[in-house]
Amino acid sequence: MSAATKTVPVKGSKNGKTRTVLVNKPARFYPAEDAPVPFKSRKAARPTAIRSSIEPGTVLILLAGRFRGKRVVFLKQLGSGLLLVTGPFKINGVPLRRVNQAYVIATSTKVDVSACSIDDSINDDFFKQTKDAKKAKKLYEEEPKKSAVTESRIAAQKKVDAKIVAAVKKTPALTAYLSASFALSKGQYPHLLKF
């Protein structure tokens, strides 16, 4: 370890020739208010726990967003904790999407997705916006350009949907169930319904 003090020569015959000084001098000035120091978190980053009612193949009802009220099929949980769902697009127009599990209702209906293998390439990075799309969202831009769907996303959608649509067609009336939107009528209460 380095020493906290050092000896320096001093000029003048009456000054004792040497003097011991601090290596690191403290600052002469300091802020009047203490700078806030963040507390160290003792919490370990754990993966998001998924609800027991949500399993691969479960039909979910979306409660928020552009496709609210639509019924979708749950495929897998992504690394961020979000759920990967699909309509399928051919049946009800819902593409591959990420959804927070707080905004879905799990139903008792299941679709057999054991034959459908989801590529590892479909992860959170797959859904990230491009830099061009971010620039288009400026505050005062007159005409926002519609971002075209990439070829890789279209190919991934077709690959996933092909096997899911085949599984859906095996069950009678499931295609009609998935294509119908969910809504509450007068006198219906969601806490009394069995999904």
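The values are calculated or read from the model by the stated rules, or taken from the named source; none is laboratory data. Because the structure is predicted, anything quoted here is derived from the model rather than measured. Because the Cβ atoms are built from the backbone with ideal geometry, glycine has one as well, and the counts that use them run over all protein chains shown. Surface accessibility is based on the protein's heavy atoms, side chains included, excluding ligands, DNA and RNA. Shrake-Rupley method; radii C 1.70, N 1.55, O 1.52, S 1.80 Å.
So what are the ³J(HN,Hα) numbers for segment 104-109, from phi and the Karplus equation (6.51, -1.76, 1.60; θ = phi - 60°), rounded to whole Hz, Gly and Pro as x?
Result, rounded to whole Hz: 9, 10, 7, 9, 7, 6.
Provide the gained length on full extension for the span F39 to A64, in nm with one decimal, where the gain is 0.36 nm per separating residue minus the Cα-Cα distance.
5.5 nm
Under unit Cβ charges (Lys, Arg +1; Asp, Glu -1), what dipole magnitude, rounded to 20 debye, does the chain have relative to its Cα centre?
Once rounded to the nearest 20, the dipole reads 880 debye.
What number results when the radius of gyration of segment 1-66, computed over Cα atoms, is divided by 2.2 N^0.38 Å?
So the Cα radius of gyration is 2.92 times the expected 2.2 N^0.38 Å.
Given Cβ point charges of +1 (Lys, Arg) and -1 (Asp, Glu) and nothing else, what value in debye, to the nearest 20, does the dipole of segment 25-78 about its Cα centre take?
Rounded to the nearest 20 debye, it is 160 debye.
How high is the FRET efficiency between F29 and Q129 when r is their beta carbon distance and R₀ equals 45 Å, given to the nearest 0.05?
0.50
D119: net charge of surrounding residues, Cβ under 14 Å, Lys/Arg +1, Asp/Glu -1, itself excluded?
Once positives and negatives cancel, what remains is +1.
Going toward the positive end of the dipole of segment 1-57, with +1 on Lys and Arg Cβ and -1 on Asp and Glu Cβ, which of A4, Y30, I50 do you reach last?
With unit charges placed on the Cβ atoms, the residue in question is A4.
Hey, how many Å between the Cα centroid of segment 22-50 and the Cα centroid of segment 161-187?
When both Cα centres are located, 53 Å separates them.
Of [x] 20.2, 64; [y] 30.4, 107; [z] 17.5, 55, which one was derived for Rg and Dmax of the Cα atoms in Å from the structure shown?
[y]
Of A176, A148, V72, which is farthest towards the positive pole of the chain's charge dipole, taken about the Cα centre with +1 and -1 on the beta-carbons of Lys, Arg and Asp, Glu respectively?
Working it through, the farthest residue towards the positive pole turns out to be A148.
Please work out how much accessible surface K110 shows to a 1.4 Å probe, ignoring ligands, DNA and RNA, in Å² rounded to 10.
100
Connecting C-alpha atoms closer than 10 Å in a GNM of the chain, tell me which of K43, K128, K169 has the biggest fluctuation.
The residue with the greatest mean-square fluctuation here is K43.
What is the log10 of I(q)/I(0) for segment 36-113, computed with the Debye formula using one identical point scatterer on each Cα and no solvent, at q = 0.19, 0.21 Å⁻¹?
Summing over Cα pairs of segment 36-113 leads to -0.74, -0.88.
Heavy-atom accessible area per residue, the chain, 1.4 Å probe: how many Å²?
The answer is 79 Å² per residue.
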